[in-house]
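Comments concern the structure below.
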There are 2 protein chains.
Amino acid sequence: MDRDGTMVNSTTTSSKELREATLIGLDWGSTGLRTWLIGDGGQVLRARQAPLGASMLSGEAAWRQALEQFSGDWQRARPELPLLACGMVGAQHGWREAPYAPCPADAAALAARMREPGPEGLRIVPGLLDDPHEGTPDVMRGEETQVFGALALHPELADATLILPGTHSKWVRLRGGRVLGFSTQMTGELFALLRRHSVLAKLMPDDETPAEPDWEAFRQGVDTARDQGAGEGLLHQLFGVRALGLTARLAASASADYLSGLLIGHELTVGVATLLPVQPLALVGEPALCRRYVEALKHFGVHEVKQLDNTAPAGLWRLARELELA
Amino acid sequence: MDRDGTMVNSTTTSSKELREATLIGLDWGSTGLRTWLIGDGGQVLRARQAPLGASMLSGEAAWRQALEQFSGDWQRARPELPLLACGMVGAQHGWREAPYAPCPADAAALAARMREPGPEGLRIVPGLLDDPHEGTPDVMRGEETQVFGALALHPELADATLILPGTHSKWVRLRGGRVLGFSTQMTGELFALLRRHSVLAKLMPDDETPAEPDWEAFRQGVDTARDQGAGEGLLHQLFGVRALGLTARLAASASADYLSGLLIGHELTVGVATLLPVQPLALVGEPALCRRYVEALKHFGVHEVKQLDNTAPAGLWRLARELELA
């Protein structure tokens, strides 16, 4: 199973794990595939991952082969287990399109669109569309599953705002366990672009993220966005990273974290303004990134934030249960 | 002279042109070198250009060779002509650092820092630093020469705001012929990054800029920035380009121009707010790009804008005159 060297966990699945499994779940994104053997309540019994994302796969055979490679042994051992996937696998250019479900939407609304199994028995979670009468429409694909996983694990979040930081950060408004609407911000992708390809990259010593961020520089970036962001604008403040570097106000080693703070600060300026009065607030995602949001939120007066790690397996289990498959 | 195929104009300089010249001028930026044989009043008698920018040159010999290759014949024919250069040639990692002059600054203040000729007799125009007590500092290098060129050609701009659109768009406040201060916005660089490297690039059919922009899409982007920019934020509206594409509200062929309008609209939202009461307004730069700004400015109620093309040769001539060299 690890013949291409991409498996994180190559040890054999135990017969106990196979016996306890209620579901095979997949999060099949643009750049990676994660597969899970999932037990009752959504807990992960065994996890695998590979850099075999939707953007790398072309043609029916490639999808089929990837699925076989990373969950074929589980399917053969327990052929009756339901097979559910979320993410770009259901995009227009994925394996099978699972059209966006409109907001507001709850788990039942998503499940209703998954009754018919797709290729190889795989059921694909639809993405969500938020289409306000005024303003720009918004879409998500993959994060909706994390949202319903967070709700399965923490029913008290039924009336809350969830932030899912990442390449495309999502702010999700929940009311009565339904997704009322959401807003995406391109924070993570813009950071990566600027960090790697822009004139700012030249200021920054290397492409490695240090173990511990420069919190002072990060907070300075957050405050700059919060206090002068509206007047100066993001486009000006981005160039300011360069000007601060050229005038020796900002050390080269601190500039990436200042930039990170600046971008997250701009995200929070918009997000926090739309936040209240819906509470509580929870962060769902990679812990190191969530920690930056926790720090930044303090500078916006938000001190109570629940933190959850990857809730996609619990979300897949929740949807399987809604379908009475798990 | 055109042995490396990079010369735009390879015909021989005429003896009349050499006779009328009062100055050899260079605009030596990050990615390109432009050299001019400049006559009285700043008019260009002969122009050459090559992709031999500061970022491609390393070591004294490389700079010397590039200078010789693109102006050596002029120097030998008229060894008494002053040699002036602006741009990244004077940056910290350029040929010789010409430290930033502080704002406010007029032509005399820049000239005072150029009395001593540098390598090969080359005088290098210092960049400008705007260092407000509050807020982010700002820098320019190269554009200051265009500003003083615009003033030399159009003395009525002594009290005005100049916009120099480009990779790093500059908004320059002039009062009594002095640069009071300025503000840079990273509009052009961000457009190029998003157009080429981001998730938005996948929506856009090819990397060619069509002869004529899709003005309707461009104006839609401008209006979206103007009307919902503050509430939604740039980071959200950038993702909106993708959402509009995925939901078929925006044709693939229109998305690059919508993005261009969105970014310029955000620039203008900040810029126009700081504009009044200083008038008139002038655009200095590449005509096709300036046309986008003229269109966008109309959506901000600004209908009278003077347009100037490259004024760097006139700026170099103006500074040479200030030094009593031309």
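The values are calculated or read from the model by the stated rules, or taken from the named source; none is laboratory data. All values derive from a computational prediction rather than experimental measurement. Neighbour counts run over all protein chains shown; Cβ positions are idealised from the backbone, glycine included.
Assuming A:Arg195 fulfils every condition listed in (1) closer than 29 Å to B:Leu244 by Cβ; (2) in contact (Cβ under 8 Å) with a residue 60 or more places away in the chain; (3) in contact with a strand residue (DSSP E or B) (Cβ under 9 Å, 6 or more places away or on another chain) apart from one, which condition is it?
The failed condition is (3).
Considering only residues of segment A:112-147 that are in contact (Cβ under 8 Å) with a residue 24 or more places away in the chain and of a type in the set (Asp, Glu), which is nearest to A:Leu23 (Cα to Cα)? Lay out the reasoning, then the answer.
The initial filter retains those residues of segment A:112-147 that are in contact (Cβ under 8 Å) with a residue 24 or more places away in the chain, namely A:114-115, A:117, A:119-132, A:138-147.
Now drop any that are not of a type in the set (Asp, Glu), which leaves A:120, A:130-131, A:138, A:143-144.
Details: A:Glu120: 15, A:Asp130: 29, A:Asp131: 32, A:Asp138: 30, A:Glu143: 19, A:Glu144: 18 Å.
The selected residue is A:Glu120.
Scanning for something surrounded by fewer than 19 Cβ atoms within 10 Å (Cβ to Cβ) and either touching a residue at least 40 places away in the same chain (Cβ under 8 Å) or under 23 Å from the mean Cα position of the chain (by Cα) (or both), does segment B:248-262 turn up at least one residue?
Within segment B:248-262, one or more residues are surrounded by fewer than 19 Cβ atoms within 10 Å (Cβ to Cβ) and either touching a residue at least 40 places away in the same chain (Cβ under 8 Å) or under 23 Å from the mean Cα position of the chain (by Cα) (or both).
Hey, B:Arg123 hits all of (1) crowded, with 22+ Cβ neighbours inside 10 Å; (2) within 14 Å of chain A (Cβ to nearest Cβ); (3) not aliphatic (A, V, I, L, M) but one; which does it fall short on?
Just one mismatch for B:Arg123, condition (2).
I'm trying to understand the selection: among the residues of segment B:278-304, which are β-branched (Val, Ile, Thr), in a loop (DSSP other than H, G, I, E, B) and in contact (Cβ under 8 Å) with a residue 40 or more places away in the chain? Walk me through how you get there before you give the answer.
Step one: filter segment B:278-304 for residues β-branched (Val, Ile, Thr), giving B:278, B:284, B:294, B:302.
From what is left, the residues that are in a loop (DSSP other than H, G, I, E, B) are B:278, B:302.
Listed by number, the list holds a single entry, B:Val278.
Tell me which of these A:Ala201 doesn't satisfy, since it passes every other one: (1) small (Gly, Ala, Ser); (2) at pLDDT below 95; (3) surrounded by 24 or more Cβ atoms within 10 Å (Cβ to Cβ).
(3)
Which of (1) in contact with a helix residue (DSSP H, G or I) (Cβ under 6 Å, 6 or more places away or on another chain); (2) within 20 Å of B:Ala192 (Cβ to Cβ); (3) in contact (Cβ under 8 Å) with a residue 60 or more places away in the chain does B:Gly265 not meet, given it meets every other one?
Of the numbered conditions (1) in contact with a helix residue (DSSP H, G or I) (Cβ under 6 Å, 6 or more places away or on another chain); (2) within 20 Å of B:Ala192 (Cβ to Cβ); (3) in contact (Cβ under 8 Å) with a residue 60 or more places away in the chain, the odd one out for B:Gly265 is (3).
Hey, could you check segment B:199-214 for residues that are touching a residue at least 12 places away in the same chain (Cβ under 8 Å) and over 23 Å from the mean Cα position of the chain (by Cα) and say which is farthest from the other protein chains (Cβ to nearest Cβ)?
Of everything passing the filter in segment B:199-214, B:Asp214 is farthest from the other protein chains (Cβ to nearest Cβ).
Just to be sure before I move on: is B:Leu129 more than 14 Å from every other protein chain (Cβ to nearest Cβ), under 23 Å from B:Val284 (Cβ atoms) and not in a loop (DSSP other than H, G, I, E, B) in the structure I sent?
Details: more than 14 Å from every other protein chain (Cβ to nearest Cβ): no; under 23 Å from B:Val284 (Cβ atoms): yes; not in a loop (DSSP other than H, G, I, E, B): yes.
Considered against the rule, which asks whether it is more than 14 Å from every other protein chain (Cβ to nearest Cβ), under 23 Å from B:Val284 (Cβ atoms) and not in a loop (DSSP other than H, G, I, E, B), B:Leu129 comes out as no.
A:Ala109 fails exactly one of the following numbered conditions: (1) assigned to a strand (DSSP E or B); (2) surrounded by fewer than 22 Cβ atoms within 10 Å (Cβ to Cβ). What is the number of that condition?
Result: A:Ala109 passes all but (1).
Can A:Glu60 be described as more than 28 Å from A:Leu153 (Cα to Cα), among the acidic types (Asp, Glu), without any contact (Cβ under 8 Å) to a residue 60 or more places away in the chain and touching a helix residue (DSSP H, G or I) at 6+ places or on another chain (Cβ under 9 Å)?
Here the answer is yes, as A:Glu60 does meet what is asked.
What's the total number of residues in segment B:96-106 that are over 18 Å from the mean Cα position of the chain (by Cα), in a loop (DSSP other than H, G, I, E, B) and in contact (Cβ under 8 Å) with a residue 40 or more places away in the chain?
The number of residues fulfilling the criteria is 3.
Which helices (runs of 4 or more DSSP H) sit wholly inside segment B:215-277 and have at least 1 residues that are at the interface with another protein chain (Cβ under 8 Å from one of its Cβ atoms), at pLDDT below 95 and closer than 19 Å to A:Asp130 by Cβ?
Numbers: elements: B:215-232, B:234-246, B:252-273.
It comes to B:215-232, B:234-246.
I'd like the residue in segment A:219-245 that is without any contact (Cβ under 8 Å) to a residue 12 or more places away in the chain and touching a strand residue (DSSP E or B) at 6+ places or on another chain (Cβ under 8 Å) and, out of all such residues, is farthest from B:Gly231 (Cα to Cα). Don't jump to the end; show me each part of the working.
At the first step, the residues of segment A:219-245 found to be without any contact (Cβ under 8 Å) to a residue 12 or more places away in the chain are A:227-228, A:231-233, A:235-236, A:239, A:243.
Now narrow it down to the ones that are touching a strand residue (DSSP E or B) at 6+ places or on another chain (Cβ under 8 Å): A:232-233, A:235-236, A:239, A:243.
Values: A:Glu232: 15, A:Gly233: 13, A:Leu235: 16, A:His236: 18, A:Phe239: 22, A:Ala243: 27 Å.
Filtering first and then ranking leaves A:Ala243.
Using the structure shown, decide if B:Ala320 is part of a strand (DSSP E or B), touching a strand residue (DSSP E or B) at 6+ places or on another chain (Cβ under 9 Å), at pLDDT 95 or above and surrounded by 18 or more Cβ atoms within 10 Å (Cβ to Cβ).
Working: part of a strand (DSSP E or B): no; touching a strand residue (DSSP E or B) at 6+ places or on another chain (Cβ under 9 Å): yes; at pLDDT 95 or above: yes; surrounded by 18 or more Cβ atoms within 10 Å (Cβ to Cβ): yes.
Spelling it out, it is not the case that B:Ala320 is part of a strand (DSSP E or B), touching a strand residue (DSSP E or B) at 6+ places or on another chain (Cβ under 9 Å), at pLDDT 95 or above and surrounded by 18 or more Cβ atoms within 10 Å (Cβ to Cβ).
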